[in-house]
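Participant: Okay, here's the structure, questions in a sec.
The values are calculated or read from the model by the stated rules, or taken from the named source; none is laboratory data. Keep in mind the model is a prediction, meaning the values are calculated, not measured. For neighbour counting, all protein chains shown are included, and Cβ atoms are generated from backbone atoms with ideal geometry for every residue, glycine included. Just so you know, the surface numbers come from the protein's heavy atoms only, side chains and all, with ligands and any DNA or RNA stripped out. Shrake-Rupley method; radii C 1.70, N 1.55, O 1.52, S 1.80 Å.
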Amino acid sequence: PRYLATQQRARLFAQYNRTQVLWIQAEDFPISGDITECAEEKLHQRRSTDFLRRHDQHTGGIMGLFPMVYNLPVTFTCTVDKKRKLFKFTHGHIVGWTLDVEDEKRVRESLDGEIMLQKQPTMIFVRRAGEGMPQHEDLEPEVYALKPRSNDWAIDPPRNDNWIKRFGFPLVPDFASTVH
């Protein structure tokens, strides 16, 4: 429920700000266990009905479907860059991205409120909350160019025999925090 609520909040955020939601689908590949012997059709079905719906806490911090929206508040789900103090739970906002040429054209020509990207962006630009981050590449202060990363996760953690490698972005929408 929390995973779906986060995605729904991102949709409402986009509607309120009159902008599009660009859905990024994680890429999952079997790397060990019985799952490596599955037929491609069955594996495709498992990806769309099971793998993409799993909470990022079960898939190495990478959401199956990430709602990319301009100015969306986000939190990093793992340490990305120690030098720039981008650790797990660091807050920021999405300030831009670099799309595949075909996706760029589709987005530019579409008036739809939501678009499923065909390929993952090559980068998502995240402005870190706070000050004092060393400059990353030739970007504005406090902006980091995040590239897709991979992480391994077990389909059935108690057994640990079927492992998947997931490619995507270690970000989640950040609409709520726990107060201690």
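Participant: Run the simple label-point estimate for Phe167 and Thr98 please: 7 Å along Cα→C-beta, distance reported in nm.
Facilitator: It works out to 1.6 nm between the two label points.
Participant: Just the accessible area for Glu109, please: 1.4 Å probe, Å², rounded to the nearest 10?
Facilitator: Surface open to solvent at Glu109 totals about 130 Å².
Participant: Using Cα centres only, tell me the gap between region 26-76 and region 99-145 in whole Å.
Facilitator: With region 26-76 and region 99-145 each reduced to a Cα centre, they are spaced 20 Å.
Participant: Considering only DSSP beta bridges where both residues belong to region 1-143, give the percentage that are antiparallel (nearest 5).
Facilitator: 85 percent
Participant: A follow-up question, please. Rounded, prolate or oblate, given the Cα gyration tensor of region 54-99, with a/c below 1.5 counting as rounded?
Facilitator: oblate
Participant: Hey, any idea what % of the chain's accessible area is carbon plus sulfur with a 1.4 Å probe?
Facilitator: Answer for the chain is 51 percent, counting heavy atoms of protein chains only.
Participant: Let me ask something else. Here are several values of Kirkwood radius over Cα pairs in Å: (i) 18.6; (ii) 20.4; (iii) 17.2. Which one was derived from the coordinates shown?
Facilitator: The calculated read-out lines up with (iii).
Participant: Given region 20-169, what count of lysine pairs have C-alpha atoms under 28 Å apart, with each pair 8 or more places apart or on different chains?
Facilitator: For region 20-169, qualifying lysine pairs total 16.
Participant: Continuing with this model, one more query. Going out from 0 in 10 Å bins, what whole percent of all Cα-Cα distances in region 79-178 drops into each bin?
Facilitator: 13, 35, 32, 18, 2
Participant: Next up: Applying a 10 Å radius around every beta-carbon, put 62-71, 117-126, 136-145 in order of their mean neighbour count, most first.
Facilitator: 62-71, 117-126, 136-145
Participant: Rolling a 1.4 angstrom probe over the protein heavy atoms, how many square angstrom per residue are accessible across the chain?
Facilitator: In whole numbers, the chain has 59 Å² accessible per residue.
Participant: Scan around Asp174 for amide H atoms under 5 Å from its own, H built in the peptide plane at 1.01 Å from N, and keep only partners 5 or more places away or cross-chain.
Facilitator: Close amide H contacts, sequence-distant or interchain: Val74, Thr75.
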